[in-house]
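Have a look at the structure below before the remarks.
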Amino acid sequence: LFVFTLLLFRMKSDFELQLFSVKFAVFRLQKDRVYYVRESIMRAAISVARDKLAALGVCIGKFTHGGNFHLHITAVDIMGEYAKYKVWVRPSSEMSFLYGNHVLKAGLGRITEGTPQSQGVVVYNMNDVPLGFGVTARSAFDSRKSNPTDIVVLNQADIGVYLRNEDHNPASAL
Amino acid sequence: MGGTGRSKRKQREKKLGSGLKDAAVLAGVLPQNGGIPVKNSRIQKTKKKDSAVKSEGKDHKKQMFDDNSSSESNASQDSEEFLSDKQNSEYESSVLDEDHEFTEDSDEGSDAENGVQSDIGSSESDEELDIELKSKKFEERLARESKAAQEELEMNARAAQEEFKLPAREHGRGGMDFDKIPESREHLQARIKSTLSVLSDFKRLRDVNIPRSEYIAQLESDLSECYGYLPSLTAKLMEIFPGGEVVELMEANEAPRPLTIRTNTLKTRRRDLAQALIARGMNLDPVGDWTKVGLVIYESQVPVGATPEYLAGMYMIQSASSFMPCTALAPKENERVLDMAAAPGGKSSYLAALMKNTGLLVANDLKKERLKALVANLHRMGVRNSIVCNYDGLELPKALGMFDRVLLDAPCSGTGIICHDHSVKGSRTDEDIAATVVLQKQLLTAAIDCVDASSSTGGYVVYSTCSILVDENEAVVDHVLQKRDVKIVSTGLPFGVPGFSRFREHRFHPNMIESRRFYPHVHNLDGFFVCKLKKLSNSTQPKHTNTSENVYEMNGSEMIKKETSKTSADKKKDR
């Protein structure tokens, strides 16, 4: 059992990690993957043999050999609850984002006030459905001035991955 | 000759003229007009009349003939030849009658009138008689023809029925005959129809020489060939569905069922989802009154499995039959629930939604490859209370402890989902099905062992398959009833055909009618079977059967097919 209170987030350096220590939420490490799971569940999962446990709770991401943490798309719901900076995408470029493309100024609907540059954000569509993660290419202030074809948010992960990577789903530890 | 009066002379001329003409016709000089053969009745009668005045009786008639000229005698002879025997005799009799008339008339009074009248009368009556004769003949001919036609019809019908007997006799029954020229589908379907009609009214329509078993065998081979099933599978289906229902089932299996999706209540409501999807360009409707989460998609401009709503986990593409086991299990919040064969995760995610992400859901599957899909689906749908693991279902009772409820959607032959996977028709032999049945019995026993009978809220197991065969459904449940202390309870499902408590020579527990069967041709759903069991106690001894017999059975049937890891579980059961 490992309980993490500090994690390295290359992408999301602004996340308040205290937010994660919600009372009965715990992280479980399984083969370098981090799972966010209720404590009671985690206790139940102890009895599952190590080589037979595929996943539990929600897979947040995994640690790489280099010690970086890669956040996985499956965490987007949870991240969305705690994320400080959000970006809303217009319907016209919603599908484009889901295909893995970056968000252009023309497709930018809303952005949280004061988002700095190179900031990890959670991308939503106009119905508040979380679409994925991104990194701002320019600050919120600058993107207001930019041209319609300029990239404002770089696509890090989107839920289109469920269809693109069906065979290589990293959420499963097995 | 007759009188010399003016009227008399006229008559004579008339008659002579006609008589001459007729004589000429008879002699062959003049061609005959019309179909009715000229009878020399008139001739004879005129002559007769002339002579009748003088003479009386038959003898005179003959004399008349003899007295007549040679042409007349010839004519008479010709006429006799000309007329049929029947007509001759009739004619003679009528002539005789007329003789009497003549004599009477002549007795009475003036020749001319009488003669004329009698002559006309005689000729008319003669003609009537002729027509009568002809019409009689015609009618007889008609009667004969219609009778012949009817016989022919019946013969044809018989022949038609006999026709489709022939292939069976020539080529033998059962199995594939590769030398036979494949018959067209319409031809086969026509023959199927006629066989079914014969079987439906067997006493009346059958061919006496052909036994019922041959009709049934013919039907079986026709159905197998027409729809592409293995003959053994067709035989099993014919046992379950009487008469023409098999054809309905097979026809329904040819076409896919409508596409349905299930709203993920963890993330959205059905109404909101329906609006969003309609905005995307889908044509959909709620599935029915019996579910609050189902939507049926009639047509869609965008791929249903690739909309942003799908990717965000708002719905799951799932057949409506698959809702049934989950609603039957009805897990409550904060329970421990196990799904023993969970991949790809449609039912597991429904269970989690019913539990509202509380409690614990263990989603297990034997196959690693399928686990990836299971994990992905659970994550996509926002399930947070799950553990996904990779056990063999038979190991689970020892590995994970006790649960409140268990769902076993057992691996089966797939005869209920033929509409999705047509290869099932040609690949499920009796041996395959028998092997699957053994596995199902073991899995269900293990599922029951995973349940805690003393659970405060639960203690239920739901067994479901996507198969409509009795071997895999009622027979499995019945087997387990004798091994464990469980009882069948109502599934709580709003509709469905009740399971069989009797089937051919089998007698199942009477409560089997609480289980539910779903058919493609009745409910427009995939074929399915759902049965809910309640565990009464944790004892592994069955309720009613003899202990020693039980041990013997378990030793005999279950020890053979085991992996080594199972032996400890075996011993536990034996105890």
**Asked** Most exposed first by the Cβ proxy, i.e. fewest other Cβ within 10 Å, how do B:Thr540, B:Thr307 rank?
**Response** B:Thr540, B:Thr307
**Asked** With respect to the cross-link table entries B:Lys332/B:Lys535; B:Lys425/B:Lys534; B:Lys332/B:Lys368; B:Lys347/B:Lys535, which display a Cα-Cα separation exceeding 24 Å?
**Response** B:Lys425/B:Lys534; B:Lys332/B:Lys368
**Request:** Going by C-beta contacts inside 10 Å, put B:Arg380, B:Arg6 in order with the fewest on the left.
**Result:** B:Arg6, B:Arg380
**Prompt:** Put a dot 7 Å past each Cα toward the Cβ at B:Asp430 and B:Ser455; how far apart are the dots in nm?
**Reply:** 3.9
**Request:** Within the stretch B:290-361, report the GluC sites (Glu not before Pro) that DSSP leaves as loop and that have at most 15 other Cβ atoms within 10 Å.
**Result:** B:Glu333
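Looking at the P(r) of the stretch A:49-174, how many percent of alpha-carbon pairs lie beyond 18 Å?
Everything past 18 Å amounts to 54 percent.
Full extension from A:Ser146 to A:Asp128: what is 0.36 nm times the residue separation minus their Cα-Cα distance, to one decimal in nm?
Working: separation 18, 0.36 × 18 = 6.48 nm, distance 2.45 nm.
That pair, A:Ser146 and A:Asp128, stretches by 4.0 nm at full extension.
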**Prompt:** Under 20 Å from a point 7 Å along the Cα-to-Cβ line of B:Ala399: which residues of the stretch B:314-354 have their amide N that close?
**Reply:** B:336-349, B:352
**Packing-based exposure ordering (other Cβ within 10 Å, fewest first) of A:Ser40, A:Ser143** = A:Ser40, A:Ser143
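Determine the alpha carbon to alpha carbon distance for each of A:Lys86/B:Lys372; B:Lys356/B:Lys532; B:Lys292/B:Lys356; A:Lys105/B:Lys356; A:Lys52/B:Lys532 and list only those over 27 Å.
Going by Cα-Cα distance, A:Lys86/B:Lys372; A:Lys105/B:Lys356; A:Lys52/B:Lys532 fall outside the 27 Å limit.
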**Item:** Rg/Rg_ref, the stretch B:251-302, where Rg_ref = 2.2 N^0.38 Å and atoms are Cα
**Value:** 1.22
**Prompt:** R0 = 51 Å: FRET efficiency of B:Asn334 with B:Asp201, Cβ-based, nearest 0.05?
**Reply:** 0.25
**Request:** With no solvent and one equal point scatterer placed on each C-alpha of the stretch B:458-539, evaluate the Debye formula and give log10 I(q)/I(0) for q = 0.13, 0.14, 0.16 Å⁻¹, two decimals.
**Result:** -0.37, -0.43, -0.56
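FYI, it's all coordinate maths here, none of it is from the lab. Fair warning: this is a prediction, and the values are worked out from it, not measured in the lab. Please note: Cβ atoms are built from the backbone with ideal geometry, for glycine as well, and neighbour counts cover all protein chains shown.
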